[in-house]
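A short worksheet on the structure shown next.
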There are 4 protein chains.
Amino acid sequence: MIRVGIIGATGYAGGELVRLLLGHREAKICWYGSRSYIDKKYYEVYQNMFQIVDETCMDDNMEALADQVDVIFTATPQGLCASLINEEILSKTKVIDLSADFRIKEVKTYEEWYKIEHKAPQFIDEAVYGLCEINREQVKKARLVANPGCYPTCSTLAIYPVLKEGLIDPDTIIIDAKSGTSGAGRGAKLDNLFCEVNENIKAYGVGTHRHTPEIEEQLGYAAGRKIRLNFTPHLIPMNRGILITAYAALKKETTYEEVKAVYDQYYAKEKFVRVLDRDVAPQTKWVEGSNYVDVNFKIDPRTNRIIMMGAMDNLVKGAAGQAVQNMNLMFGIEESEGLCQVPMFP
Amino acid sequence: MIRVGIIGATGYAGGELVRLLLGHREAKICWYGSRSYIDKKYYEVYQNMFQIVDETCMDDNMEALADQVDVIFTATPQGLCASLINEEILSKTKVIDLSADFRIKEVKTYEEWYKIEHKAPQFIDEAVYGLCEINREQVKKARLVANPGCYPTCSTLAIYPVLKEGLIDPDTIIIDAKSGTSGAGRGAKLDNLFCEVNENIKAYGVGTHRHTPEIEEQLGYAAGRKIRLNFTPHLIPMNRGILITAYAALKKETTYEEVKAVYDQYYAKEKFVRVLDRDVAPQTKWVEGSNYVDVNFKIDPRTNRIIMMGAMDNLVKGAAGQAVQNMNLMFGIEESEGLCQVPMFP
Amino acid sequence: MIRVGIIGATGYAGGELVRLLLGHREAKICWYGSRSYIDKKYYEVYQNMFQIVDETCMDDNMEALADQVDVIFTATPQGLCASLINEEILSKTKVIDLSADFRIKEVKTYEEWYKIEHKAPQFIDEAVYGLCEINREQVKKARLVANPGCYPTCSTLAIYPVLKEGLIDPDTIIIDAKSGTSGAGRGAKLDNLFCEVNENIKAYGVGTHRHTPEIEEQLGYAAGRKIRLNFTPHLIPMNRGILITAYAALKKETTYEEVKAVYDQYYAKEKFVRVLDRDVAPQTKWVEGSNYVDVNFKIDPRTNRIIMMGAMDNLVKGAAGQAVQNMNLMFGIEESEGLCQVPMFP
Amino acid sequence: MIRVGIIGATGYAGGELVRLLLGHREAKICWYGSRSYIDKKYYEVYQNMFQIVDETCMDDNMEALADQVDVIFTATPQGLCASLINEEILSKTKVIDLSADFRIKEVKTYEEWYKIEHKAPQFIDEAVYGLCEINREQVKKARLVANPGCYPTCSTLAIYPVLKEGLIDPDTIIIDAKSGTSGAGRGAKLDNLFCEVNENIKAYGVGTHRHTPEIEEQLGYAAGRKIRLNFTPHLIPMNRGILITAYAALKKETTYEEVKAVYDQYYAKEKFVRVLDRDVAPQTKWVEGSNYVDVNFKIDPRTNRIIMMGAMDNLVKGAAGQAVQNMNLMFGIEESEGLCQVPMFP
């Protein structure tokens, strides 16, 4: 049985980790860390856990935790994991960081986009970017996994195959993303009030969203060189779900069948990436509550562009689900353990 | 392995049966019945099932089905199950009817409220009303279970203990109920369009809703005599969830502790009924996707009335989940098998 | 031209006052008071006002304001108006208070339910309860109007006629109310975050909501004696709208026509109260953005109870609209001036 | 007083026409045409109109109507207006067609994208494309106005200035659009049910949406040559509102100030197009219920692309509001008459 500690257990991603791990047959949560709710019953913070979780919230003491658990999930704001981690901790336990601290290989890029100093740059090289379908073998051997951001997960999986296979021009990629509001976290902010979000849609972080360099780095690996792209997220009046609609110029005339074959080559054996049937558009509702990413594409022969689409649950494959998937890989157990939820509709 | 057939597999309740049974370790769906989608792949109707269910929709042939399965779920409009069922079928297979056909013991009452002739009154006496927490022992022995309505499940469970123990005056019960829109089914009706339901609330079926006599019958068993009550449902702009707020006069001054003890007496050992802590109001979101019913109450000493509240997921405990719970009881397996989903929040 | 000052112009009710007064032909807003946003452009707080309102937010200086305007609206938290008001202010200007400070005639009741000391009890007697349809003549002569609460407005208007005419038993009244989330204000609180409210419903303030004594006082006037009732509000995932569903025992068998005649007697000439046709249930969407209250009722002969329903926009007739209606009465202009918005659907 | 007839008065756009025209001081609706509801009271179809509109729905008899009114609005499915119109009608009355029949100058293009034969191609040349801010002078003289589509209105207004002034490369335009569900009309279709739309987002009509050639034609006039672009609409769980996010390559390095000056040049004097302040993203909620289009842009120096955004209410500026604006121009009255609604928030 894998002993698990969670730091940041009372945010939305932390809550989702708890939900998923409660159904995991080989893991047991031993530490519900939450600086804001120390000594409070966890179910008082999340009443859905009443009579399911009886534990009390603990402080975020990573050193104490390292002695007690086999793996620590940090579902905390940027900077926290980097400020707490050290060699001793990593020598005792594995760490899966759901924040951005170890996702970006260039410290300078991280510091520019996140506007904070990186406190543990010495671990960046070692950290494995935990996009399981792409980096499966490295994840298996990792001590420290940087769990990918929600938008980067969906964007990268939707674009990776055609970029890697050279079908599209890397300089023409535009990603227009839409996310449910749980992605904004559980902080009490005016902008996230019901009446401000409901019956409304807006773009935010236009040209400046922090997931941009993360996507660029990952797609850069596919392209074999540095790339620059546009990424524009939008806030949608729904709880869960991310949809990305990406555009790129095809290098030459390409048929549906050719592109479909490329996607199938990468994903036919992947449980959690579903390449939909022709002309079926991904919908976030079709993956809600599950670890699936649904992808599809459409070629527009008029402009010779390809429109690539991906839909997933931002709290599952975009956060807690992928973190569990990484844990499974790191501990050598069935990759889908604890992640077989059928999407809930409606 | 229990072989299962579903008639009406493409309605919302049918879809939820499929979701739950796919996670059931001792049941296997052998027949996806759907008159409207015969020969269509099931996942084309519900894309969440893509790469999960490969079967094709079949006709609603109950006789053919009886030869092939151990249990038939009918998730169909009122009247269909009664028109198809017969002794031969019941001699071969068990039937769990999610419609109202066998819920009401008096044929006349059924026919008055539902405005249709009952085609199989000879089976009404035999049918067991499948409210598991109340009728567990009878369900275990049943061939034919009438799966309770969504509102009656939530209402009965919230009121039953205090009525049975004689704390409230049976003639003063008023139930004000609120339901998400999935309760209205998947039919393409103007009233259920997004723009008609969203940003809106209304009462419907005021004084005439068909669940009224069902609730009155069940609560009548608790009261030990016939009762009449008011039941008013409201349509809420959300997909899932039922909340009932019920009012009754206390027979005499009663303390919180006395009432709490009564609820605990009935539900402390029940996995799926959670009596919340003092002053914690049930919320539908806290039970979403799960088989739980959360109940609580408040005494108003100013009026000497008690306000009783219950929250559940109308598609789970209010339909498919309770149907699976009944199946488990009928087949002598663990009552909660396939029903251990942790509620999903947010 | 009536010169208007608003204290609390950046809350939701304050914002609605601005929206309505901008369309008023005989009033002009001279003071946008908002302690939180002093010196900020009003349109930076409410971007809908971009290029419409160019003014800057001012402090809440009631004395300075009294010298400059003909009427002050206070759309502020409980206690503020009472702490600022004095005889000199009232000698110079009229005051319409949207808070609860002057709604309840017994100081003790106010202080018990609101848990604050009343700072200006000497003005309570003078204050007129601004439910225009009931107290029109007194409002016309008032210096200080207590603008009714949202739930009390809808509840009182729906129940008043049948209670006043002695059709129902005052001791049997139960009000089950449902409100959109704008009623909770624009404060950044966890409970009002999109993800906490959306896809959810709950009761709140069960047995303790502060609007209870206000409703009891107003209906007490109709009954001709003190009454006690149950009032239970619920939070609904929509921005605007209040629906109340009220229950009471009819004193004797009564026909639809008799009750309808009573409602018509009170409301046939009222522009803003619409008694709907038989069996048409009020829906909040049908009044959104307007000053209408839609009411209707249903007699249940089985229980001899009457179900009374009312729907309105909580920010208009439940707050800013009624405040403007009161202003119109106080200044002797057309009662509906500035309030002729057609409800917006969908 | 302008006598107005509406054909298709019971669709969402028709209902919005009624709402707006009821507040218009120089127009009077004389004919509520609705083939589906003939002889039914209009307020029975739209209860918000109870005690406001007493008229009864009439048949869609355009010839009879032409004798009685000064202007006919056709808010009907594609093809209907073209099948009814003739020279005699146009000699008696003006026509504002809210369908696509007269928006596209090339019959072949219309027939290809709409898959129907055009029944009145002889009037296409005469018809004026009623995008008021661009074609104001021609609209003033028109007998027949093709009221623009919702997406084309928002897209064209957001992109037109920078394209016309040669700042962007016409071959690089990509429009990613998001619309509330009222744009899908009031037909009872499965895809538009509350439970299918709520908590969901999807792209639709990818590469094939009929508004594509309309946008291309209008932007082609700005570019001075034929253009091809990508247009992808998405369905959003909200009633009203369209947001478009458009991308294009800047021809050369350009500053914020240069681009802002271009937008101001076109829109500074336009009442209904608001160029927002720097870094303020348009939000649909800020224009709800009003005729405004809010536009803004962001330059991404990293990719040298410009992101252009526009937000409007699809039923007002995207349909009925613009139709009224066109009517005002055609009859020589104040362009904003009946269109001064302040946006409603929240």
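No value in this document is a laboratory result; all are computed from the given coordinates. Please read all numbers here as calculations on a predicted model, not as lab measurements. Positions of Cβ are backbone-derived with ideal geometry, glycine not excepted, and every protein chain shown enters the neighbour counts.
At what distance in nm do the modelled label points of D:E165 and B:D171 sit from each other, each positioned 7 Å from its Cα along Cα→Cβ?
Going from the D:E165 label point to the B:D171 one covers 8.0 nm.
Whole-Hz ³J(HN,Hα) for each residue in the stretch D:299-309, computed from phi via Karplus 6.51 cos²θ - 1.76 cosθ + 1.60 with θ = phi - 60°, x for glycine and proline: what do you get?
Per residue, the Karplus-derived 3J(HN,Hα) values read 8, 9, x, 5, 10, 6, 9, 10, 9, 10, 10 Hz.
Could you give me the ³J(HN,Hα) list for the stretch D:135-148, computed from phi with Karplus coefficients 6.51, -1.76, 1.60 and θ = phi - 60°, whole Hz, x at Gly and Pro?
10, 3, 5, 5, 4, 3, 9, 7, 8, 10, 10, 8, 6, x
With runs of 4+ DSSP H residues as the only contributors, calculate the mean residue ellipticity of chain A at 222 nm using -39,500 (n - 2.57) per run, divided by the residue total and rounded to the nearest 500.
Working: 12 runs with 104 residues, N = 346.
One gets -8500 deg cm²/dmol as the mean residue ellipticity at 222 nm.
What shape does the stretch B:2-126 have by the C-alpha gyration tensor, where a ≥ b ≥ c are the square roots of the eigenvalues, rounded means a/c under 1.5, and otherwise prolate means a/b greater than b/c and oblate the rest? All intermediate terms of the calculation are to be shown ahead of the outcome.
On the way: a/c = 2.16, a/b = 1.70, b/c = 1.27.
Prolate shape, in that a/c is at least 1.5 and a/b is the bigger ratio.
Shortest first, in nm, what separates the label point of B:C340 from those of the same position in the other copies (7 Å along Cα→Cβ)?
1.2, 6.7, 6.7
What residue in chain D has the Cβ closest to the axis turning D into A, and how close is it in whole Å?
Rotation axis D onto A, closest Cβ, rounded to whole Å: D:D176, 2.
Could you give each residue of the stretch D:154-160 its phi-based ³J(HN,Hα) in whole Hz, using Karplus coefficients 6.51, -1.76, 1.60 with θ = phi - 60°, and x for Gly or Pro?
5, 5, 5, 5, 6, 9, 3
Amide H to amide H under 5 Å from D:R305: which residues, 5+ apart in sequence or cross-chain, H placed 1.01 Å off N in plane?
Amide H neighbours of D:R305: D:L250, D:D300.
Can you give me the long-range amide H partners of D:I96? Hydrogens built in the peptide plane at 1.01 Å from N, cutoff under 5 Å, separation of 5 or more residues or another chain.
Residues meeting the amide H criterion: D:I72, D:F73, D:T74, D:V145.
Once you place label points 7 Å from the Cα toward the Cβ at D:K92 and B:A268, how far apart are they in nm?
About 8.4 nm separates the two model spin labels.
Report the calculated FRET efficiency for C:A261 and C:E106 (r = Cβ-Cβ distance, R0 = 35 Å), to the nearest 0.05.
It comes out at approximately 0.50.
Toward the positive end of the charge dipole of the stretch B:104-150, about the Cα centre and with charges on Cβ (Lys, Arg +1; Asp, Glu -1), which of B:A142, B:H118, B:V107 goes farthest?
Farthest towards the positive pole: B:A142.
Would you please give the FRET efficiency between B:A188 and B:Q68, computed as 1/(1 + (r/R0)^6) with r the Cβ-Cβ distance and R0 = 41 Å, to the nearest 0.05?
In this case the efficiency is close to 0.85.
Dividing the alpha-carbon radius of gyration of the stretch D:151-313 by 2.2 N^0.38 Å (N being the number of residues), what value is obtained?
Normalised by 2.2 N^0.38 Å, the Cα Rg of the stretch D:151-313 equals 1.04.
List the residues, sorted by chain then number, that are 5 or more residues from C:F231 or on another chain and whose placed amide H is less than 5 Å from its amide H.
Amide H neighbours of C:F231: C:I175, C:G207.
Which order, highest average first, do C:310-322, A:79-91 follow once you tally other Cβ atoms within 10 Å for each residue and take the mean per peptide? Let's see the in-between values first.
Values: C:310-322: 29.4, A:79-91: 17.7.
Answer by packing, highest mean first, reads C:310-322, A:79-91.
Once you have a ≥ b ≥ c as the square roots of the Cα gyration tensor eigenvalues for chain B, tell me rounded if a/c is under 1.5, and otherwise prolate or oblate according to whether a/b is larger than b/c.
prolate
What is the list of residues in the stretch C:45-66 whose amide nitrogen lies under 19 Å from a point 7 angstrom out from the Cα of C:E126, following Cα to Cβ?
Inside the label zone: C:62-66.
So for chain C, averaging the separation of alpha carbon pairs under 8 Å that are six or more residues apart and normalising by length, what relative contact order in percent results?
17 percent
Would you kindly work out, in nm and rounded to one decimal, the distances from the label point of A:I116 to those of the same position in each other copy, ordered shortest first, with label points 7 Å along Cα-to-Cβ?
Ordered by distance, the counterparts are at 3.7, 5.7, 6.0 nm.
How shielded is A:8-20 by partner chains, expressed as the average number of their Cβ atoms within 10 Å of its Cβ atoms?
Values: counts 0, 0, 0, 0, 3, 0, 0, 3, 3, 0, 1, 6, 1.
The per-residue average across the peptide is 1.
What is the dipole size for the protein assembly as shown, taken about its Cα centre, with +1 at each Lys and Arg Cβ and -1 at each Asp and Glu Cβ, in debye to the nearest 20?
With Lys and Arg at +1 and Asp and Glu at -1, about 0 debye.
Can you tell me the FRET efficiency between B:E253 and C:D279 if r is taken as the Cβ-Cβ distance and R0 is 45 Å, rounded to the nearest 0.05?
According to the calculation, E is roughly 0.65.
What gaps in nm, shortest first, separate B:L90 from its twins in the other copies when you place the label 7 Å past Cα toward the beta carbon?
6.9, 7.2, 7.6
To the nearest whole number, what is the average tally of beta carbon atoms from other chains within 10 Å of the beta carbons of peptide D:242-250?
Working: counts 1, 5, 0, 11, 1, 5, 1, 1, 0.
Counting Cβ atoms of other protein chains within 10 Å of each residue's Cβ and averaging gives 3.
Residues of B:206-219, mean number of Cβ from any other protein chain within 10 Å of their own Cβ, rounded to a whole number?
Per residue, the average neighbour count from other chains is 2.
State which entries of B:K40/D:K189; B:K108/C:K260; A:K271/B:K140; C:K140/C:K317; C:K164/D:K40 exceed 27 angstrom in Cα-Cα distance in the structure shown.
B:K108/C:K260; A:K271/B:K140; C:K164/D:K40
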